[in-house]
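Below is one structure, written out as structure tokens, with a few remarks after it.
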């Protein structure tokens, strides 16, 4: 992963690193903007992307995925939120993501805790860096660590509420604002998700 500016990027775009993931804030944002899907979905994903990029928000997949799930649901979609082990190249880590219409949507993968590496987000199973199907593997084993087990045992409403002291509601407000989603009463909205849980994912690849 120690690439020079003129090396080919590792994500299959065919471009040099300096014209692809080196400028990830610009290039991945454009990739989201250019993706052909419903505008509301795109705005929510772009809103989460902009928040992560602006604040360099690292390792927040459980919270970001919960917020994206709620925003999509509030706008009339039927997403599923999942948790499991994900493998990207040689890295395997516990992670939360969204499925919509049977396809993976994963924006929080862009800033994991994996040695500071940033992986291009996934929109309907495709990399926003290349527009091609990604080779990330989701649910590579039935094993998740103790932290992930605690997360999967909590409803989305409980998880967000317990994170208030760490800024969970403020983060939700910021992502909603970036997404142009108006939340009239955020506390009431969060309470609606005290019966919504993540599904454990095993052996799924895209």
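No lab work stands behind these numbers, since they all come straight from the coordinates. Note that the structure is a prediction, hence the values are computed from the model and not measured. Cβ sites come from the backbone with ideal geometry, for glycine too, and all protein chains shown count toward neighbours.
A few notes on this one:
- Gain on full extension, evaluated as 0.36 nm per residue between residue 146 and residue 194 minus their Cα-Cα distance, stands at 15.1 nm.
- Helical runs (DSSP H, four residues minimum) scored at -39500 (n - 2.57) apiece and divided by the length of the chain put the mean residue ellipticity at 222 nm at -10500 deg cm²/dmol.
- Between 0 and 90°, nearest 10: helix 168-178 axis offset from the chain longest Cα axis: 60 degrees
- Cα shape, region 78-149, gyration tensor, a/c 1.5 rule: oblate
- Angle in degrees between helix 61-74 and the longest Cα principal axis of the chain, rounded to the nearest 10: 60 degrees
- Modelled FRET efficiency - R0 22 Å, residue 30 with residue 74, Cβ distances, 0.05 increments: 0.25
- Distance histogram for region 17-205 (every C-alpha pair counted, 10 angstrom bins, percent rounded to whole numbers): 9, 40, 39, 11, 0
- Cα long-axis angle, helix 24-34 against the chain (0 to 90 degrees, to the nearest 10): 70 degrees
- Rounded if a/c under 1.5, otherwise prolate or oblate - region 131-187, Cα gyration tensor axes: oblate
- Fraction of antiparallel bridges per DSSP, the chain only, in percent to nearest 5: 90 percent
- Net length available on complete extension from residue 117 to residue 165 is 14.5 nm, with 0.36 nm assigned per residue and the Cα-Cα distance removed.
- Relative to the current alpha-carbon distance between residue 180 and residue 93, full extension at 0.36 nm per residue lengthens the span by 28.2 nm.
- Inter-centroid distance (Cα atoms) of region 51-121 relative to region 144-206, Å: 12 Å
- Taking 76, 139, 167 as the candidate residues, the one with maximal mean-square fluctuation in a Gaussian network model of the chain, Cα springs under 10 Å, is 76.
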